[in-house]
């Protein structure tokens, strides 16, 4: 997608219609009625509760990305699919599904946050991130619905995104609009046999809980990003679990430092070097019966990212063994 989303609505609607037509021929109709509770086209693969996972961007090479997960000895992955918005096809679904099967990797969740612009800071973030901003809401909702339909072909039972800087004031018109948008997305995902997850970060845990209550749909849940709560200065993840724990269905294991510049987010760092207490977080998740994967997200690239993930995997596995998870 281009950097400017102002002209993406027609394009995304067109690509969505094309995808639905071709998918219908190959796998039956994908756009289910919101009240439907049909099962996914492929039964979701299973993994052990609190199995290790890795967030990957399977572009440009699906096989190379999934092969890295296997090489690292990690049994699950979390798919970031922004590069494929508007390009979903049954053939791509078959390729991804076959590659996951080949390497015996379980894809737990699919996420998109685009189309752009996206400004990850405190100044421009509120007007550009998620489905809160009116200018980008329709295009992003369409991208999420496309992703839900595509993930159904892979047997993925969870769709996740950043909903954005949701207003803390429940009487703010943007709050009410966002609740309606999240309800629509949740119902679409439910029609595909999926949960819709809000990733923590831009909103306080209390605001997120209020949204969950106001949307009032059982398939709405939380994707807990342990670092984002700190990077955005919103909450300590240990305390956030006291509010959101029963609703957490996915997690990003990530570490970070609190923001000291009021215009910029805090800094993401290697797990164990930041302000997240992973022993308390993982113990808290275990206590509330969390069944999802412990998915590492390391926002570096190249060989250093691989080395970092290796270290983080050992660090987290030691904690999981200690708490009996």
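So here's what we get for this one:
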| item | result |
| --- | --- |
| Options 147, 186; residue that is in contact with a strand residue (DSSP E or B) (Cβ under 9 Å, 6 or more places away or on another chain) and more than 14 Å from residue 219 (Cβ to Cβ) | 147 |
| Residue within region 151-169 that is surrounded by fewer than 16 Cβ atoms within 10 Å (Cβ to Cβ) and within 29 Å of residue 216 (Cβ to Cβ) present | yes |
| Some residue of region 98-108 being buried (at least 19 other Cβ atoms within 10 Å of the Cβ) and within 21 Å of residue 186 (Cα to Cα) | yes |
| Matching residues, region 188-211, being over 29 Å from residue 264 (Cβ atoms), within 17 Å of the chain's Cα centre (by Cα) and assigned to a helix (DSSP H, G or I) | 188, 189, 190 |
| Residue ranges of helices (runs of 4 or more DSSP H) in region 1-112 with at least 1 members farther than 30 Å from residue 127 by Cα and at pLDDT 50 or above | 62-71, 90-103 |
| Members of region 214-232 found to be over 17 Å from residue 80 (Cα atoms) and assigned to a strand (DSSP E or B), listed by number | 220, 221 |
| Residue among 227, 190 that is surrounded by 21 or more Cβ atoms within 10 Å (Cβ to Cβ) and out of contact with any helix residue (DSSP H, G or I) (no Cβ under 9 Å at 6 or more places or on another chain) | 190 |
| Some residue of region 275-286 being under 21 Å from residue 70 (Cβ atoms) and not in a helix (DSSP H, G or I) | no |
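Table: residues versus (1) farther than 30 Å from residue 123 by Cα; (2) at pLDDT 95 or above; (3) in contact with a strand residue (DSSP E or B) (Cβ under 9 Å, 6 or more places away or on another chain).
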{"site": "232", "(1), (2), (3)": "no, yes, no"}
{"site": "235", "(1), (2), (3)": "no, yes, no"}
{"site": "248", "(1), (2), (3)": "no, yes, yes"}
{"site": "275", "(1), (2), (3)": "no, yes, yes"}
{"site": "286", "(1), (2), (3)": "yes, yes, no"}
{"site": "299", "(1), (2), (3)": "no, no, yes"}
{"site": "320", "(1), (2), (3)": "yes, yes, yes"}
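Residues are listed down the side, and each one gets a yes or a no for (1) free of Cβ contacts under 8 Å to residues at least 40 places away in the same chain; (2) part of a helix (DSSP H, G or I); (3) out of contact with any strand residue (DSSP E or B) (no Cβ under 7 Å at 6 or more places or on another chain):
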| residue | (1), (2), (3) |
| --- | --- |
| 260 | yes, no, yes |
| 266 | yes, no, no |
| 307 | yes, yes, yes |
| 314 | yes, yes, yes |
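The values are calculated or read from the model by the stated rules, or taken from the named source; none is laboratory data. Source: prediction; values computed, not measured. Because the Cβ atoms are built from the backbone with ideal geometry, glycine has one as well, and the counts that use them run over all protein chains shown.
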